[in-house]
Structure formats: structure tokens, C-alpha cells
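Please read the structure below before turning to the comments.
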Amino acid sequence: METLSHFGIHFTISLCIWCVVVCSAAALASGSSYLVDDSGGLGPRFDGIGGISGGGATSRLLVSYPDPERSQILDYLFSPNFGAALHILKVEMGGDAESGIGTEPSHMHSPDDENYQRGYEWWLMKEAKKRNPNIKLYALPWGWPGWVGNYTNSPYTDIKQAIGYVMKWLQGAKTVHGLTIDYLGIWNERAYNKDYIKQLRQTLDSSGMMGTQIVAADGGAYGGQAISKDILDDKDLAKAVEILGFHYPGTYVTKYTTETRKTLWSSEDYSTKNDNIGAGCLARILNRNYVNGNITSTISWNLIASYYGSLPYDRCGLMTAREPWSGNYAVEGPIWVTAHTTQFTLPGWKYYLRGSGAGHLDQGGSYVSLTDGKNFTIIIETMTRDHSKCIRPFLPPYTVKTQTASFTLKGMFASVKSLNVFYSKPGYGGNSSVYFMKKSPVQVVNGQFNLTLDPDEIYTLTTQAVGMKGKYPDPPQTKPFPTMYTDNFDEYPIYSEASYFTDQAGCFEIRDSGNISHNLVMQQVATSFPVNWCIDAHHPISVIGNHTWRNVSFSIDVHVLPSSGAILALRVNAGGCGAAGSEGIYFWLGGSGKYNVTTDMEGRDVVKSGTAPMIGHTWSTVQLTVIGREAKGSVNGVEVFDWVNIPTVLPHHGWIAIGTPDYSAAQFDNYAIHSAS
């Protein structure tokens with residue numbers, strides 16, 4: 001018995017000791033160690049984080065904001081150590097073509113036309129440069145005026161002509177606005193032409209623009225396989241292209257791309273609603289584009305959601321500013337997620353090599369480290385799959401668990417004693433969000449520090465004593481578009497756009513009417529159907545107002561050629577690349593006095609037609625009213641049509657629109673919304 005008892009006691013003690021050892025080992029196993037070491041050299045150059053203005057008139061309403069709100073918005077986007085502090089601004093080189101949400105004006109509507117005051121991208125680039133003189137500028141065509149390529153719907157039909165068109169824009173940027181374009185794309189998400197790229201490089205060099213680098217081909221990640229193969233097979237093409245730019249790569253590239261040994265960019269990414277999931281999407285790809293794909297720059301589409309919310313891709317910007325009439329705007333989570341990188345790094349810094357300062361966390365998430373040789377920054381993210389899905393591409397399942405991460409610093413920063421910390425945790429499931437909160441420094445002992453990381457967190461740890469969550473007083477309260485609104489267009493600069501109008505086909509600019517009674521007017525100036533990016537409407541049109549409006553009465557003065565005419569429309573239900581297929585109530589008024597009423601933008605479904613007063617070569621006031629199921633149209637106070645019992649299958653609400661039946665000049669003045677609901 002004594003022996004048995006002795007053995008029992010011994011067994012119990014041994015079991016307890018075993019338990020302590022095993023449990024301690026298990027506890028240690030829940031944490032992982034990561035080496036951050038530059039002793040073996042550094043990785044590729046970090047090229048910066050950016051945003052895209054364009055790809056569909058995405059900044060259209062921003063220019064109409066009043067100050068100080070407009071200046072505040074620009075500070076959140078561009079001012080260093082305040083908000084997003086962007087390193088790169090990518091803009092659309094307007095081509096009078098629908099590019100997703102609207103059209104942007106070309107600098108050359110026709111071969112003998114040239115003007116560098118049109119649109120708002122010049123203004124936006126200069127405002128960005130005011131705030132950050134070191135910001136890099138990147139330009140890219142989405143569409144082209146129809147004459148480029150001799151009306152064949154391809155700019156490559158006449159390569160010399162297409163290059164001349166692009167060079168004019170670059171030269172205008174420099175000579176008129178003092179802007180040097182650092183990066184130049186080919187044709188957004190459309191076919192590239194090897195001869196075009198090579199001749200473009202030659203022309204840039206011979207024109208003294210050797211510093212403007214070509215990014216190609218601004219297409220899908222796996223579409224990039226084609227140009228990667230071409231670069232591997234064509235030495236002259238390889239010399240012409242400095243950067244391979246991919247769209248929505250899902251943080252990975254192909255083996256052919258890797259073999260080119262070119263600088264790799266995600267030159268369009270994100271494209272996701274700027275809620276907390278959008279913030280998570282951006283946090284994940286900003287790190288993992290480098291960790292998984294060796295991608296050294298990520299540029300978000302879009303810079304700012306400054307367009308009507310009912311247009312496609314509502315709130316797919318880093319922040320939202322879609323009410324210039326109220327001044328309201330919203331600083332969204334993606335601004336602060338971007339700041340985790342941009343406020344503590346600069347283009348020209350170097351990434352640490354993957355495996356020696358960048359990589360995946362064992363329990364999910366990723367980390368990257370960067371340095372300029374004097375300063376040091378680590379960005380860590382633990383975004384879960386369901387809280388970080390981007391709109392594209394598909395994100396495979398994975399898991400993230402709470403974990404303890406131990407980091408060991410070796411090399412240049414082994415003697416660092418502490419690191420400043422900024423922290424974010426987007427809120428999900430009713431939990432509050434924390435964005436860009438400064439926390440107590442992390443103490444580094446003998447080159448080591450530990451962090452307990454929960455799912456859906458973002459950390460920046462840095463040697464720099466910078467970083468600020470910029471803050472202005474709350475903007476004005478949100479308000480709907482005014483239900484009574486007038487504009488005589490006399491207070492705008494020539495060649496600008498009228499406030500709140502968003503072109504969906506063609507191009508409407510402020511011009512001198514040549515008539516003392518009308519002074520400045522809004523004129524349709526695009527001269528031909530464009531080389532389009534998506535399906536353009538064959539009739540220039542511009543929308544305004546509230547997409548939810550059902551009952552509206554508005555009027556406008558028009559001046560057209562006898563051979564052309566004007567379009568007034570209500571309850572227009574679609575814009576962007578869907579504008580050509582939009583429905584509504586369309587009043588087509590010919591200069592010769594003929595009219596049609598149709599239910600579609602293409603003018604095919606005619607429900608009424610007849611004769612109206614002739615409006616060609618004279619100013620006339622045209623009015624359109626739709627209330628309930630009745631529509632009325634008049635010219636100079638004379639009723640032209642009265643349509644009762646509008647079919648219930650037609651849109652019940654939508655925008656106001658004005659337009660022209662073809663790509664001819666037409667002038668508009670004294671716009672007035674009399675009532676809307």
C-alpha cells in the first residue's frame with residue numbers, strides 16, 4: 001500500500017509537472033516571432049499611395065463646393081500629416097466620352113481646336129501641388145474624341161495623330177498650368193499597341209520629357225500577362241515601359257510579370273464603398289499588394305465620391321462629397337486607413353525584403369516595414385475576410401485569430417528604444433469604429449517588442465514623431481437638392497462647367513453666346529461620337545437634380561440650328577455606362593419645328609409627335625412638366641403636347657436632363673426648376 005501510495009503521489013506530481021511544461025509550450029505556440037532585418041539588404045523602392053480623379057467624372061461636384069468646405073476636403077486628401085496625405089494623383093485625360101459615371105471634356109474637341117482651361121482636372125492637380133509640392137502626377141486617357149483615329153473608334157488607326165493628341169495635353173499641362181506629368185498611361189483597360197508605346201516613348205524623349213515614365217497597360221492583372229510576355233519578347237518595348245500597371249490584381253501577379261523585373265504597380269484598385277468593409281479592403285490590399293505581389297504602389301479608384309449618389313458606384317471614393325449645394329461632406333474610414341501608410345512614409349523609401357521585415361502573420365494578417373535609412377515604419381493589418389472584401393476580385397476564404405506577435409529588430413534600427421503607435425479598428429456588427437488613434441509608444445527592449453493582435457486591427461509603429469488625425473469643424477448638415485433652382489450661367493469662367501450638371505454624353509461648356517441679351521450660356525461643344533470606353537449615348541446629354549424626383553416642372557432658353565434641336569427630359573433613370581439605355585420622359589424639339597416625345601434616350605419609342613413653333617436660329621423658352629401620370633411641354637408659353645396616362649411601367653422618378661439630338665452646337669440659358677418633389 002505504501003509503495004502504491006508512493007507511486008500514486010509520484011505519478012500525480014509528474015503529471016502536474018508535465019502539464020505545466022506542455023501548457024507553457026502551448027501558450028508559447030500561440031505567439032509567433034518575426035525578424036525585421038535589413039542586414040541582407042533592402043527590397044524595392046516604395047513608390048507611394050495614390051487616388052484617381054476620373055474614370056467617370058468622379059470629382060465632378062467637388063469643384064462646385066463653396067469655401068471653406070472645398071479647401072477642407074482638399075486638405076483631407078492631399079495635405080501632408082493631416083489626412084490621406086496622398087503621394088500620387090492620377091487624373092483622367094478627358095476625351096468627351098462616357099468613362100463610367102460621366103464624361104470629361106477633351107482639350108481638343110476637333111483637330112483644329114485646342115484649349116487647356118476645360119474641365120476641373122487642371123484645377124485639382126494645382127490644388128494638390130499647393131498642398132504637397134512633391135505629389136506625383138499621373139495621367140491616362142479613358143476615351144478619345146472621335147477624330148482621333150479618323151473616326152474608326154480606335155486611336156491606333158493613326159498612331160502619329162494619337163501621340164500628337166496626347167503630347168498636346170502634356171505640353172498644355174506644362175506651359176499653361178506649370179504642371180509636370182510624372183507618369184503616363186496608354187488607354188485605360190483597353191487594347192494596347194506596341195508600336196504606339198514605342199513611338200510614344202521616342203516622342204517623349206525627343207520633346208524633352210525624358211522624366212515622364214510610361215505605365216502600361218492599365219488593365220486587369222491577368223490581362224497584364226499579355227504585355228508581360230510582349231516585354232519579354234521585345235527589347236524595344238521593354239525599354240519603353242518603365243512600370244507595369246495592373247488593375248485589381250487581388251494582390252497577386254503572374255510569373256511572366258515577375259520575370260520582366262519591372263516595377264509593378266496596382267495602378268487602379270479598391271473601387272469599394274467607403275464604409276467599414278471598404279476601409280478593411282483598403283487596409284488589406286495596401287499591405288498585401290507588396291507582400292503577395294511585390295507591388296510597390298497602390299492607387300485607389302476613386303479619389304473622392306463627388307458625384308450624384310444614384311449614379312453607378314455610389315461612395316466608392318476615399319471620402320464622400322456629393323452635396324455642394326449644402327456644403328456637406330463625409331471623411332470616411334479609407335482616409336485614415338490610407339494615413340497609416342502615407343503619413344509615415346514617402347516615395348523613395350525602401351521596403352524591407354519579404355521574409356526579413358514583410359510577410360504574413362501566422363494566425364492571419366500581414367506586415368510590411370519601410371525605411372529611408374533614417375526613419376523606420378511598420379504597418380500591420382489583421383483584417384478578416386468578411387470585413388475586407390473588395391468589390392473585385394473574389395477573395396478566397398481565410399481565417400484570422402487573436403495572436404501574440406514578437407518582433408525582433410536587427411540592422412540599422414536594432415538599438416531603437418521605442419516606437420510611436422497609431423491604431424485603427426473599423427467597427428462591425430454595431431461596434432464603434434476607432435480610426436487613427438495615437439496610442440502610447442511601444443517599448444523596444446534589446447531590439448524586441450511584443451504585440452497582442454486581435455482580428456480587424458491596423459497598427460502603424462514608427463520612429464517618426466509625426467502623424468495627425470486632422471480635424472475641421474463639422475461640415476454643414478446634409479440637404480436634398482433644392483426644389484427651386486435657377487442659373488443664368490453668367491458667373492462662370494469661360495470653358496468651365498455649370499454647377500451641378502453632370503454630362504453623360506457629349507460635353508457642355510460655358511461659352512459666350514454672342515448675344516447681348518444672353519451673355520454667357522451653356523453650350524454643347526463635342527463635335528463627334530467619341531472613341532468610347534463604354535457604351536456612349538448617341539445624343540449628348542447632361543443630368544441635374546435629385547434622382548428621387550417624381551413631379552417636376554422646369555424651363556430653359558434654347559438656341560439651336562434649324563437642322564438640329566434640343567432635348568429636355570424628366571425621370572431619367574440611369575447614368576454612367578447605362579445612360580444610353582436610360583428611360584424617362586424625353587421631349588425632342590427640332591429646330592425646324594418638329595417634335596417627338598419618347599420614353600427612351602435613344603429616341604426609338606415615340607409616343608407623341610407633331611409640329612411646334614420653329615426654334616432654329618432664335619432664342620426660345622422651352623418648358624417640360626411631369627406630374628403623376630401626366631406630362632406637358634410648351635414653347636414660348638404655347639402648349640405643344642399634353643400626354644395623360646403615362647404608363648406605370650415607365651420610371652416613376654429620376655433626374656432632369658438637357659441635351660441635343662446629335663453632336664452639333666446648341667446653346668442653353670436661364671435654367672429654372674420651378675417645382676420638384
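K160 falls short on exactly one of the conditions (1) out of contact with any Phe, Trp or Tyr (no Cβ under 9 Å at 6 or more places or on another chain); (2) within 29 Å of Y308 (Cβ to Cβ), and that condition is (2).
Per-residue answers, yes or no, for (1) buried (at least 17 other Cβ atoms within 10 Å of the Cβ); (2) in contact with a strand residue (DSSP E or B) (Cβ under 8 Å, 6 or more places away or on another chain):
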{"position": "A579", "(1), (2)": "yes, yes"}
{"position": "G584", "(1), (2)": "yes, yes"}
{"position": "Y595", "(1), (2)": "yes, yes"}
{"position": "T599", "(1), (2)": "yes, yes"}
{"position": "R604", "(1), (2)": "no, yes"}
{"position": "K608", "(1), (2)": "no, yes"}
{"position": "M614", "(1), (2)": "no, no"}
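Just so you know, in the range 133-146 the residues that are in contact with a strand residue (DSSP E or B) (Cβ under 9 Å, 6 or more places away or on another chain) and assigned to a loop (DSSP other than H, G, I, E, B) include one that is farthest from D536 (Cα to Cα), and it is I135. Filtering the range 449-489 to residues that are exposed (fewer than 14 other Cβ atoms within 10 Å of the Cβ), in contact (Cβ under 8 Å) with a residue 12 or more places away in the chain and among the charged types (D, E, K, R) leaves D454, K479. Scanning the range 417-428 for residues that are closer than 17 Å to I379 by Cα and buried (at least 16 other Cβ atoms within 10 Å of the Cβ) returns L419, N420, V421, F422, Y423, S424, K425, P426. Any residue in the range 424-443 that is among the aliphatic types (A, V, I, L, M), under 16 Å from F344 (Cβ atoms) and free of Cβ contacts under 8 Å to residues at least 40 places away in the same chain? Checked against the condition, which is being among the aliphatic types (A, V, I, L, M), under 16 Å from F344 (Cβ atoms) and free of Cβ contacts under 8 Å to residues at least 40 places away in the same chain, the range 424-443 yields at least one hit. Tell me, please, whether a residue that is under 18 Å from T263 (Cβ atoms) and either without any contact (Cβ under 8 Å) to a residue 12 or more places away in the chain or not aromatic (F, W, Y) (or both) can be found in the range 120-137. Yes; the residues of the range 120-137 include at least one that is under 18 Å from T263 (Cβ atoms) and either without any contact (Cβ under 8 Å) to a residue 12 or more places away in the chain or not aromatic (F, W, Y) (or both). Could you please give the count of residues in the range 452-491 that are polar (S, T, N, Q) and more than 30 Å from S555 (Cα to Cα)? Result for the range 452-491: 5. The residues of the range 654-677 that are over 15 Å from I510 (Cα atoms) and not polar (S, T, N, Q), listed by number, are G654, W655, I656, A657, P661, D662, Y663, A672, I673, H674, A676. From T625, T660, grab the single residue that is within 22 Å of L561 (Cα to Cα) and touching a residue at least 40 places away in the same chain (Cβ under 8 Å). On inspection, the qualifying residue turns out to be T660. Scanning the range 239-255 for residues that are assigned to a helix (DSSP H, G or I) and surrounded by 16 or more Cβ atoms within 10 Å (Cβ to Cβ) turns up just one, A240. The range 376-436 holds strands (runs of 3 or more DSSP E) entirely within its bounds, and those carrying 1 or more residues that are closer than 21 Å to T342 by Cα and modelled with pLDDT of 95 or more map to 376-381, 418-425. Are any residues in the range 323-370 touching a Leu at 6+ places or on another chain (Cβ under 6 Å), assigned to a loop (DSSP other than H, G, I, E, B) and among the charged types (D, E, K, R), and if so, which ones? Correct list: empty. Just give me the residues in the range 233-254 being under 27 Å from the mean Cα position of the chain (by Cα) and not hydrophobic (A, V, I, L, M, F, W, C), in sequence order. Across the range 233-254, the qualifying residues are E242, G245, H247, Y248, P249, G250, T251, Y252, T254. Evaluate the following for I197: is it in contact with a Leu (Cβ under 9 Å, 6 or more places away or on another chain) and surrounded by 18 or more Cβ atoms within 10 Å (Cβ to Cβ)? Judged against the criteria, I197 is a match. Scanning the range 305-320 for residues that are closer than 21 Å to S433 by Cα and either among the charged types (D, E, K, R) or touching a helix residue (DSSP H, G or I) at 6+ places or on another chain (Cβ under 7 Å) (or both) yields R315, L318, M319.
Scan the range 194-227 for residues that are of a type in the set (S, T, N, Q) and either within 18 Å of S297 (Cα to Cα) or outside the structural domain of A173 (by TED's automatic domain parsing) (or both) and jot them down. Once the filter is applied, which keeps residues that are of a type in the set (S, T, N, Q) and either within 18 Å of S297 (Cα to Cα) or outside the structural domain of A173 (by TED's automatic domain parsing) (or both), the range 194-227 yields T212, Q213. For S609, the conditions (1) in a strand (DSSP E or B); (2) touching a residue at least 40 places away in the same chain (Cβ under 8 Å) are fulfilled apart from (2).
For the range 647-668, the criterion of a residue being surrounded by 20 or more Cβ atoms within 10 Å (Cβ to Cβ) and either charged (D, E, K, R) or over 34 Å from the mean Cα position of the chain (by Cα) (or both) is satisfied by no position.
The values are calculated or read from the model by the stated rules, or taken from the named source; none is laboratory data. Just so we're clear, the structure is a prediction, and the values are computed from it rather than from any experiment. Positions of Cβ are backbone-derived with ideal geometry, glycine not excepted, and every protein chain shown enters the neighbour counts.
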